[in-house]
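Okay, structure first, notes after.
The values are calculated or read from the model by the stated rules, or taken from the named source; none is laboratory data. Here the structure is a predicted model, which is why all the values come from computation and not from measurement. Neighbour counts run over all protein chains shown; Cβ positions are idealised from the backbone, glycine included.
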Amino acid sequence: MPTKQTKKEKEEENKEENQDVLESLQNEIEELKKQNQMLLEVADKKALAGYYTRHKESLPSQVKIRVIDGNVVLGWKMVKDEVYKDPATMRWIEIQKIKVLLENEKAIELDYMDFVRRYEYVDARIISRVKEEGTNREALKVERIDTGQEYVIGIEYVN
């Protein structure tokens, strides 16, 4: 009879060891998810867009899109970018203007810092990858998770 008891004890030990291994793996996965999220948030967006263009199968299923005053930002363009040193005060002066295209086909011009302060991120699910007509550039067809509305946004304007 002692062999059965020993067998049960061994099974208990194996269960405990397996539980410890499982917990350590789960902790490691959580850490890796956090690191991945951090890297995606701080990554150079143009370099990230280039990477996704070269590696089409590795496209994430969810992205963040920008919203200003309830309107989704479809794109933007720097229209004025002057940086110089004021000879009187010896301070650097930056005059940066950006033209922002919103979902309602309205284009607004903002100071770059106002743009950065005003936009908010909203989660969106990627539906498909498309080529823009005329420019042949990559774009994403996304669905806004909170409202269900669909948009086509250039790949460099997400996240």
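Residues of the stretch 108-139 that are more than 13 Å from the chain's Cα centre (by Cα) and part of a strand (DSSP E or B): Ile108, Glu109, Leu110, Asp111, Ile127, Ser128, Arg129, Val130, Lys131, Glu138, Ala139.
One residue alone among Asp111, Asp81 is at pLDDT 90 or above and more than 19 Å from Lys45 (Cβ to Cβ), and that residue is Asp111. When Asn104, Asn36 are checked against the criterion of being surrounded by fewer than 12 Cβ atoms within 10 Å (Cβ to Cβ), over 21 Å from the mean Cα position of the chain (by Cα) and free of Cβ contacts under 8 Å to residues at least 40 places away in the same chain, a single residue qualifies: Asn104. Just one of the listed residues (Ile98, Ile65) is under 24 Å from Glu150 (Cβ atoms) and in contact with an Asp or Glu (Cβ under 9 Å, 6 or more places away or on another chain), namely Ile65. Out of all the residues in the stretch 134-149, which are under 15 Å from Leu74 (Cβ atoms) and either in contact with a strand residue (DSSP E or B) (Cβ under 6 Å, 6 or more places away or on another chain) or not hydroxyl-bearing (Ser, Thr, Tyr) (or both)? Those that are under 15 Å from Leu74 (Cβ atoms) and either in contact with a strand residue (DSSP E or B) (Cβ under 6 Å, 6 or more places away or on another chain) or not hydroxyl-bearing (Ser, Thr, Tyr) (or both): Arg137, Glu138, Ala139, Leu140, Lys141, Val142, Glu143, Arg144, Gln149.
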